[in-house]
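Where a number appears in this text, it was derived from the coordinates with a stated rule and is not lab data. None of these values were measured; they are calculated from a predicted model. Quick reminder, even Gly has a Cβ in these numbers, built from the backbone with ideal geometry, and neighbours come from all protein chains shown.
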Amino acid sequence: MIDGIHKRFGANQVLKGVGLKLDRGELLAVLGANGCGKSTLLRCAIRLLDPDAGSSRLGGRDLALLKGKELRLARREAAVVFQQIALVKRRSALDNVCCGALGRIPLRRSLTPAAFPHEVVQRATIALQRVGMLDRAWQPAQTLSGGQAQRVAIARAYCQQASVILADEPVSALDPRAAEEVMTLLGDLAHNDGLGVLTVLHQPDLALRHADRIVGMRVGEVVFDKPSPEVTPQEVDALYQHLRET
Amino acid sequence: METPFAAAAPGQAPVAPALPAKPSAGRRRLVNLGLGLLIAGLLVYSWIDTNASVSEFVNGFFGSKGLLRNVLPESLPPEVSQFWDGFRAAATTLAIAILSIAFGIVGSLAMLPLAARNITPSRPLYELARLIQAILRAIPELIMLLLFNVVLGFSPFAAVLALTVHGIGVKGKLFAEAVEEMDTSAVDALRVAGASRLQVFLHAVLPGVRNTLTALTLYRLDANFRSAVTLGAVGGGGIGFLIDNQLSVFQFKAVTTYMIVLVIVVLAVERISTELRTRLG
């Protein structure tokens, strides 16, 4: 749950008291034009960026009040899927997925991928099967297509055993078919595995088709927050209105 | 709608629009003139301060006691019997270079988590690490060797340490810059997964820059070999030491032999290093 987040970069007030709530088992899409603060909101939510004001509660704890090891451990409850394929390119898909569990592995069992505990490798294997990438387990990440790599990134998030997945424009670098697959996968994780999934999107059609709820943002503020079937094309259009005006 | 390339009316040649006013070049000209004068001044100062002289240059090369008329005839043919000694000494020089590179990698990697701006735990530690690297780089290998000679005596190991300490300054900076330029999305992903700093370093940073670090290390290997030759002449051993010894007793034919060996080994090391770097892509 995010409440009253403010963030400023120099003279630019990017977020103006943004708040939203994400429930378990829900796929929430955040829509808005470039520069409206969607990605900044996502980064503030898990304190990859420090907000100027406001709170972000994860697993019942306010991240704004935590630091050091406490923050690191609390953050494990949220897994992030990035727009850029955030995999270690030279490592295999399996090793990348195992890395999702690093926060739960003692250092001595994580010095090299060969030292990862058996249970972690098993969970990673299940995660790869879950995203339909088991047959590519040993393939180096750099040889995967964009869609395949994003599915491995989602498997890593699954392996993290987080209760929330935050996805920052996860389909913007993918072709329409791969984008559809990734959104279906995120929907499955929300509806079948009971995870809360928040995704920032630039594709209103995907959001309307897959998300349970849509939050519209414009110039650092939430302008609507309602179930997808209630969102009108005019409301979506209005989010991008100022782009057309300029 | 008006476009930047609006079509001309049928049958008419397109009319070029008026360009916006060109910015004045006056200030740029003044800056260029100032730079030109500065460079000219530096060259004149350097010429005077080093006692540079055209006549000495000509005499040094072409005079009766110059390189071409005096030293070159004394240097040929090369002393064939000295080739084996030359190669053995070159092997020692290569060993100095390899060991100093290995020690330097350990030192540079140890400082890397502090010295790269995007992964350092704190700004003061970053500044401290970069300051230490700058100091190590600022002291030339030759001066380092003179210091180690005082402590350890004249030995190849003193050369290894001199190259290692200087190398930590050089490689440490290059490694840190490679990490600063890497894509940090994988780093962020593992940080969010709750990985510790060391885990992030081992599983995202190092694999992410491994190829770059290997290429930089290979590049430094042939640079280190050439430096090891120079250090040999001041007590570091190896082929540099042999060349210096033979020069001091005017055994130019033996020196020619060692020079040939040196060129062969340097070219081989350069070739292997380039080949490996190319394969790394």
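Between A:GLN129 and B:ARG271, the C-beta separation translates, for a Förster distance of 41 Å, into a calculated FRET efficiency of about 0.30. The relative contact order of chain B, computed from alpha carbon pairs under 8 Å that lie at least 6 residues apart in sequence, is 24 percent. For the protein assembly as shown, lysine pairs with C-alpha atoms less than 22 angstrom apart, excluding pairs fewer than eight positions apart on the same chain, total 10.
Taking all C-alpha pairs of the range A:12-147, those more than 20 Å from each other amount to 58 percent. For the range B:17-87, trypsin sites (Lys or Arg not before Pro) meeting the loop criterion (DSSP other than H, G, I, E, B) and having at most 16 other Cβ atoms within 10 Å: B:LYS65. When the inverse distances between all different Cα atoms of the protein assembly as shown are averaged and flipped, the Kirkwood radius reads 28.4 angstrom. Label sites at B:ASN59 and A:VAL223, each approximated as a point 7 angstrom past Cα along Cα to Cβ, lie 8.6 nm apart.
Quick check: net charge around B:LYS65, other residues with Cβ under 14 Å of its Cβ, Lys/Arg +1 and Asp/Glu -1? Taking every other residue near B:LYS65 into account, the sum is -1.
Legend: ranking of residues A:SER172, B:SER53, B:SER75 from fewest to most surrounding C-beta atoms inside 10 Å; resulting order B:SER53, A:SER172, B:SER75. Quick one: net charge around A:ARG123, please, counting Lys, Arg +1 and Asp, Glu -1 for every other residue with C-beta under 12 Å from its C-beta. So the environment of A:ARG123 carries a net charge of +2.
Per residue, the Cα convex hull of chain B amounts to 320 Å³. Legend: calculated FRET efficiency, B:ARG197 to A:ALA115, from the Cβ-Cβ distance at R0 = 25 Å, rounded to 0.05, equals 0.90. Here the simple spin-label model places points 7 Å from the Cα toward Cβ, and for B:GLN12 and A:ARG108 these points are separated by 8.6 nm.
Based on the Stokes-Einstein relation at 4 °C and a viscosity of 1.567 mPa s, and on the Kirkwood radius from alpha carbon pairs, the range B:52-115 is assigned a translational diffusion coefficient of 81 µm²/s.
The local environment of A:ALA162, defined by Cβ-Cβ distances under 13 Å, has a net charge of +4 under the rule Lys, Arg +1 and Asp, Glu -1. For the range B:189-256, the equivalent ellipsoid derived from the Cα gyration tensor has semi-axes of 48, 11, 5 Å, listed largest first. Across the range B:97-154, Cα-Cα pairs farther apart than 14 Å form 66% of the total. Extending 7 Å from the Cα toward the beta-carbon at both B:ARG117 and B:ASP183 defines two label points whose distance is 2.1 nm. Over all pairs of different C-alpha atoms, the range A:86-161 has a mean inverse distance whose reciprocal, the Kirkwood radius, equals 11.8 Å. Note on chain B: with a GNM built from Cα contacts shorter than 10 Å, the maximum mean-square fluctuation among B:ARG130, B:ARG220, B:ARG191 falls on B:ARG191. The Rg/Rh ratio for chain A is 0.97, where Rg is the radius of gyration of the alpha carbons and Rh is the Kirkwood radius.
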